[in-house]
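Student: Structure incoming, see below.
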Ligand SMILES: Cc1ncc(COP(=O)(O)O)c(C=O)c1O
């Protein structure tokens with residue numbers, strides 16, 4: 001076999017030396033505090049059966065999609081699903097992509113044009129960054145969730161626009177996009193979406209919100225944070241994904257019919273790839289049927305019940321965090337302090353909770369100890385997060401018990417107190 005070029009091998013060695021080499025983990029039977037399966041729907045037998053039933057009812061016996069959506073792959077279930085998504089998410093149209101990654105590179109690689117400007121949160125997901133890089137618009141990051149910093153960056157840019165020496169065209173047709181997430185994947189926190197909407201309305205910017213970690217978590221039916229705050233008419237586009245709380249795979253971009261038409265024509269990650277197979281579409285449909293739940297008996301309302309369980313679990317977790325206190329000896333000062341465990345966590349009311357423990361080695365060592373105790377808690381290292389902000393990421397699920405939460409937090413407290 002031809003060898004990996006030396007310069008690539010060197011990059012791997014460098015990662016190894018820096019203790020940042022990534023590995024594909026083995027499957028495990030630990031208590032799940034790491035997956036995005038917030039409602040447990042990925043493993044739900046009734047949903048699995050309902051998806052098969054949906055296919056059988058329509059006489060669909062097909063394994064693969066056979067081609068791109070623009071050629072042979074646009075199965076009839078696509079229009080059914082997109083109609084359901086539009087209704088459920090109160091939008092004019094929905095366009096399904098194979099994944100959130102594809103949706104984001106498709107959108108950000110084709111919508112912002114040369115002469116446009118993109119302002120994005122510094123902690124935005126990698127798929128959005130990659131999409132922005134594929135496009136030709138100027139892009140500037142603003143500090144995480146900091147509307148004041150967005151305002152400053154916008155003003156600097158606005159002043160520059162009047163300056164011929166700067167490359168940015170003054171054209172009045174230049175569009176300004178503001179990009180954020182309703183729940184940040186590595187922090188679990190949320191921006192002041194209402195303030196972002198006000199800013200965008202005042203400055204005629206197009207607001208785009210990635211709702212990957214909010215769908216299924218916020219809203220009585222899991223509609224996401226944008227709809228819960230009744231802001232859906234004020235945003236230009238939303239990205240929703242089906243691989244997290246919806247328990248399946250794929251994603252959709254929600255927006256106007258014209259936006260959908262544009263993406264069908266220009267989003268390369270939609271055009272040049274084989275479509276999702278009918279079985280995946282049927283699973284997403286079954287999951288949304290369940291979120292809607294109007295035609296189901298209370299016993300059948302799996303997702304509905306799980307949404308309630310999840311919000312109760314999140315409240316219990318935050319309550320326990322406040323109760324736990326750490327007694328830390330500071331050898332250098334021969335003193336000790338009594339810290340609340342909550343002071344280590346980024347405040348969050350979502351399913352994602354992060355305990356910041358600076359240093360790759362330290363956070364990795366603690367995660368290994370917690371895993372040995374039976375809990376699947378992942379360390380998030382730099383450079384995935386900024387240096388000094390390395391963290392443990394605890395994802396909560398509707399199926400996590402109070403006992404599991406008590407035990408994982410006790411174990412975490414012990415590990416912090418006994419380095
Ligand atoms: C905020 C956000 N957007 C998009 C994605 C990509 O979604 P998918 O996993 O469906 O590709 C992720 C995945 O983790 C995410 O966290």
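Coordinate-derived values only; no laboratory data. Predicted model only: the values in this text are computed from it and were never measured. With ideal geometry, Cβ positions are generated from the backbone for all residues, glycine too; neighbour counts draw on all protein chains shown.
Student: Put one equal scatterer on each alpha carbon of the stretch 46-292, apply the Debye formula with no solvent term, and list log10 I(q)/I(0) at q = 0.14 1/Å to two decimals.
Tutor: Those come out to -0.89, one per q.
Student: I need the per residue convex hull volume for the chain, using only the alpha carbons, in cubic angstrom as a whole number. Please report the intermediate quantities before stating the final value.
Tutor: Details: hull volume 79.8 nm³, N = 419.
Taking only Cα atoms, the chain has a hull volume of 190 Å³ per residue.
Student: OK, next. Sorted by packing (mean other beta-carbon atoms within 10 Å per residue), highest first, where do 250-257, 110-117, 309-316 land?
Tutor: Numbers: 250-257: 22.5, 110-117: 19.1, 309-316: 17.4.
Descending packing order for the listed peptides: 250-257, 110-117, 309-316.
Student: Which shape class applies to the stretch 366-419: rounded if a/c is under 1.5, otherwise prolate when a/b exceeds b/c and oblate if not, where a ≥ b ≥ c are the square roots of the Cα gyration tensor eigenvalues?
Tutor: oblate
Student: In what sequence do 13, 377, 176 fall when counting other Cβ within 10 Å, fewest first? Could you put the intermediate results ahead of the total?
Tutor: Details: 13 11, 377 24, 176 20.
Listing 13, 377, 176 from fewest to most nearby Cβ atoms yields 13, 176, 377.
Student: In deg cm²/dmol and to the nearest 500, what is the mean residue ellipticity at 222 nm of the chain if only DSSP H runs of at least 4 residues count, each as -39500 (n - 2.57), divided by the residue total? Intermediate results must be reported in sequence, preceding the final value.
Tutor: Numbers: 14 runs with 168 residues, N = 419.
After summing the helix terms and dividing by the residues of the chain, the value is -12500 deg cm²/dmol.
Student: Gaussian network model of the chain, Cα springs within a sub-10 Å range: biggest mean-square fluctuation belongs to which of 121, 146, 376?
Tutor: 146
Student: Ok, one more. Let me check I have the definition right: for the stretch 38-190, take the eigenvalues of the Cα gyration tensor, multiply each by 5, take square roots. What are those semi-axes in whole Å, largest first? Each step should come with its number before you reach the end.
Tutor: Working: eigenvalues 308, 77, 31 Å².
In descending order the semi-axes read 39, 20, 13 Å.
Student: Nearest 5 percent is fine: what portion of the DSSP beta bridges confined to the chain is antiparallel?
Tutor: Numbers: 24 of 43 bridges.
Taking every DSSP beta bridge within the chain, about 55 percent pair in antiparallel fashion.
Student: Where is the GNM fluctuation largest for the chain (alpha-carbon springs, 10 angstrom cutoff): 100, 388, 247?
Tutor: Checking each option, the largest mean-square fluctuation is seen for 388.
Student: Take every DSSP beta bridge whose two residues both sit in the stretch 46-292, then give the antiparallel share in percent to the nearest 5.
Tutor: Details: 9 of 26 bridges.
Once the DSSP bridges in the stretch 46-292 are tallied, antiparallel ones form about 35 percent.
Student: Can I ask one more? Please work out the Cα center distance from the stretch 342-419 to the stretch 66-132, rounded to the nearest Å.
Tutor: 32
Student: Another question, then. Run the paramagnetic zone check for residue 262: 7 angstrom along Cα to Cβ, then residues of the stretch 118-161 with backbone nitrogen under 15 Å.
Tutor: Counting backbone N atoms under 15 Å from the label point, the list is 118-119, 132, 135-138.
Student: Output the relative contact order of the chain, whole-number percent, from Cα pairs under 8 angstrom with separation of 6+ residues.
Tutor: Details: 772 pairs, mean separation 91.9, N = 419.
RCO, the chain: 22 percent.
Student: Whole angstrom only: what separates the Cα centroid of the stretch 229-280 from the Cα centroid of the stretch 24-38?
Tutor: If you average the Cα positions of each part, the centres end up 26 Å apart.
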